[in-house]
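Heads up, the thing below is written out as structure tokens.
Since every read-out is calculated from the coordinates, none of them should be taken as a lab result. What you see is a predicted model, and the numbers here were worked out from it, not measured in a lab. Cβ: placed from backbone, ideal geometry, glycine included. Neighbour counts: every protein chain shown.
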Amino acid sequence: MSMALRPRRVRRGEYLVAAICVGMITIMIWPIVMSFLASIKPPDEASRPPPHYLPQSLSLENYRSILTYHAGLAVYVGNSLAVAGLTIVFCLVLSVPAGYGLARFDIPGKEVIFLILLASMMLPFQALLVPLYLLFSHIGLTASKLGLAILHTMLQLPFSIYLMRNSFEGIPKEMEEAAVVDGATSLFTLRRIFLPLVMPGMVTVALFAFITSWNEFLGALILMNDEKQFTVPIMMTGVSSGNFGSVNWGGLQASVIVSILPCLIIYLLLQRYYMTGLLSGAVK
Amino acid sequence: MSRRSRNRWVGLVYTTPALAFVSVFVLWPLCHVLWLSLTSRSLLGGGEFIGFDNYTRAFADKSFWQALEFTLTYTAYITPILLVLNLALALLTAADTPLRRLTRTVIFLPVVIGLASSSLLWYWLFDQQVGLFNKLLVDLGILTEPMIWFRKAASAQVAVTISVVWKVVGFGMILMVAGIQAISNDIIEASRIDGASSFLRVRRIVIPLAMRSIVMATVISVIGSMLAFDQFYLMTKGGPRGQTFTSVYWVFQNGFARFELGYSSALSVILMVIITSATALQLWLSRKGSKA
């Protein structure tokens, strides 16, 4: 009897799970969908109470309004992209050699070096804001994309090094020995043999560096004290506080959509790299 | 032998750029913040050595203690909420079917968007006049009329918590999914044949074996909440009446709104000590737990 009952019970359980899954998908995606729909309402409709879930008429006016917001959306997106690009470059330039050195050589005091590099991950950068601000203003790196990129590199470097060290360690010794026997220098070995093999690790480093930098708020809030240098998150706070005390709700949601779109696209395209990176960083 | 020792120094050369970077941008600021905390330095310049005055001031500063207490309360109640949801969602989606994979992907989406973006998105959803979350709660009969979430500290904290849970719940879920998937199928099958109920299976097998990921999710949630800033800066602005200032927010407020860099540094040092010891304690407990 139980044999006969079981499939039906399993199937009913499966329906229940499916229903809960669909429910969760709806809950999680609802805010983003609502934000998108608000962003394509005409500005007065988006700001008029009582609100409606669906737009009653469509308009791109909210996007047009942030295109011309102060220095213009293009400037802010450009700043964010430049800072993120520099952050990616710095993270790779520092973490690839460091990962190579730590994984492939018997460095004296290797454990200590690795600990120092990772300890900076334990220290909350929020507690170093004051000295960092003073340092950056001393060397002329406030209100500078280079300065903010250095700060973002600081946040992302320990994780990048950890990831690159793991990537280099994952490569079998024989690959390297063949080159060493041929008398190749370590730099040649790195370039010709290792780099192609650790490429997935480098993609992961770049991906995390982009997302951290594009989204980072507090550092940009403190360092970018010149409106022309604002990144997208800082621009959004300007849109939200609005002119003359009234909030431009439609414009705010348009800027929210602009700020989340690159992250969503990159994540959906490179999900595999993202998950490997996340799990190797957190679980090990 | 000579080849080996040459190798050692070559390896060091490769790590030098990263070490130099960390020395200039982490170790030096670390030393500097310790020194600054002993001075009366202001953002406008000047300042002199004043010994431990900033620290005695911090211990007498009611607002600082209030911010610290608020941060700890926030941490103490968002962390269990997250853990329970993390685990429930992980159990729901751990098996590899297309629908479950899709669910996982969607639940994870908010993790990759910025905390500033999600805070401003929810700030709008919670608005009393145009907020659709308010409207939804009214339409579902949970509220009789739209409420002003940010007028009282308690409801402001609930609002921030809802938005942050939405934003980060997928992170811990993924960690736990990885933990659950690493459990060998044989163990689960064996328990099923032995007739263990699903509740028993979760409590006696899944949770103990996925303990590492659960601990990791806890540590990350605790550190993240103790350092909370963006969500409160953007949604409550520390209000009403300064009741929702977090520790980092208070450091920021003293340093960059009141320009008291010396005092702000002392608060930073206290904060750093608290966070570092909390992290160390949790990691130590988890190591002890996994050995037992």
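Once you have the alpha carbon radius of gyration of chain B, what is it after dividing by 2.2 N^0.38 Å, with N set to its residue count?
Ratio of Cα Rg to 2.2 N^0.38 Å: 1.25.
Mind listing the phi-derived Karplus ³J(HN,Hα) values for region A:38-46, rounded to whole Hz, using 6.51, -1.76 and 1.60 with θ = phi - 60°, and x for any glycine or proline?
5, 5, 9, 7, x, x, 5, 5, 5
Of A:SER137, A:THR68, A:LEU278, which is farthest along the charge dipole of the protein assembly as shown in the positive direction, counting Lys and Arg as +1 and Asp and Glu as -1 at C-beta?
The Cα lying farthest towards the positive end belongs to A:LEU278.
How big is the shadow of the Cα convex hull of region B:56-100, averaged over all directions, in nm²? Intermediate values should be presented prior to the final figure.
Numbers: hull surface 17.5 nm².
Its average projected convex-hull area is 4.4 nm².
What is the order of A:CYS263, A:CYS91, fewest Cβ neighbours within 10 Å to most?
A:CYS263, A:CYS91
Let me check against my output: what whole-number percent is the relative contact order of region B:42-189, with C-alpha pairs under 8 Å and at least 6 apart?
That works out to 30 percent.
Please give the direction-averaged projected area of the C-alpha convex hull for the protein assembly as shown, in square nanometres with one decimal.
Spelled out: convex hull of the Cα atoms, projected over all directions, averaged, 31.7 nm².
State to the nearest 20 debye the size of the charge dipole of the protein assembly as shown about its Cα centre, where the only charges are +1 on K and R beta carbons and -1 on D and E beta carbons.
The calculated dipole for the protein assembly as shown is roughly 1380 debye.
Say we join alpha carbon atoms closer than 10 Å with springs in a Gaussian network model of chain B; which of B:SER221, B:SER247, B:SER197 then has the biggest fluctuation?
In the Gaussian network model the winner is B:SER197.
Where Lys and Arg each count +1 and Asp and Glu each count -1, what net charge lies around B:ARG201 among other residues with Cβ under 15 Å from its Cβ?
0
With unit charges on the beta carbons (Lys and Arg positive, Asp and Glu negative) and the dipole taken about the Cα centre of the protein assembly as shown, which residue among A:ALA18, A:ILE113, B:THR218 sits farthest to the positive side?
My answer, from the dipole projection, is A:ALA18.
Taking only complete DSSP H runs, can you tell me which helices of chain B stretch 20 Å or more along their own long axis by Cα positions and average at least -0.5 on the Kyte-Doolittle scale?
TM-like helix candidates: B:2-22, B:62-93, B:98-112, B:153-181, B:211-226, B:261-291.
When only DSSP loop residues count, what trypsin sites (Lys or Arg not before Pro) in region B:155-257 have their Cβ near at most 15 other Cβ atoms within 10 Å? Present the calculation step by step, with values, prior to reporting the outcome.
Working: sites: B:LYS167, B:ARG192, B:ARG201, B:ARG203, B:ARG204, B:ARG212, B:LYS237, B:ARG241; in loops: B:LYS237, B:ARG241.
Loop-located and lightly packed - B:LYS237, B:ARG241.
Can you tell me how region A:1-121 classifies by the Cα gyration tensor, rounded, prolate or oblate, using a/c under 1.5 as the rounded cut? Write out the running numbers ahead of the final one.
Values: a/c = 4.35, a/b = 1.15, b/c = 3.78.
It is oblate, given that a/c is not under 1.5 and a/b is not larger than b/c.
Mind telling me which of B:PRO17, B:PRO240, B:PRO208 comes out most flexible in a GNM of chain B, alpha-carbon contacts under 10 Å?
In the Gaussian network model the winner is B:PRO17.
Say we join alpha carbon atoms closer than 10 Å with springs in a Gaussian network model of chain B; which of B:THR144, B:THR16, B:THR246 then has the biggest fluctuation?
Checking each option, the largest mean-square fluctuation is seen for B:THR16.
Given an 8 Å cut-off on Cα distances and at least 6 residues of separation, report the relative contact order of region A:124-255 as a percent.
30 percent
Loop-only chymotrypsin sites (Phe, Trp or Tyr not before Pro) in region A:146-252, please: DSSP not H, G, I, E or B, and at most 12 other Cβ atoms within 10 Å.
Loop-located and lightly packed - A:PHE244.
List the residues, sorted by chain then number, that are 5 or more residues from B:THR39 or on another chain and whose placed amide H is less than 5 Å from its amide H.
B:ILE50
For Cα pairs less than 8 Å apart in space and 6+ apart in sequence, what is the mean separation divided by the residue count of region B:54-291, i.e. the relative contact order in percent?
Worked out over region B:54-291, it gives 28 percent.
I need the shape label for chain A. Rule: rounded when a/c is under 1.5, else prolate if a/b > b/c, else oblate, with a, b, c from the alpha carbon gyration tensor.
Here chain A falls in the oblate category.
Assuming a viscosity of 0.692 mPa s and a temperature of 37 °C, what translational diffusion coefficient in µm² per second does Stokes-Einstein assign to region B:1-72, Rh being the Kirkwood radius over Cα pairs?
Taking Rh from Cα pairs, D becomes 203 µm²/s.
Can you give the log10 of the normalised intensity I(q)/I(0) at q = 0.14, 0.20, 0.24 Å⁻¹, computed with Debye over equal Cα scatterers of region B:130-248?
Debye output, listed in q order: -0.78, -1.03, -1.27.
Excluding same-chain residues fewer than 8 positions from B:LYS167, which lysines have a Cα within less than 30 Å of its Cα?
Output for B:LYS167: A:LYS41, A:LYS145, A:LYS228, A:LYS284, B:LYS135, B:LYS152, B:LYS237.
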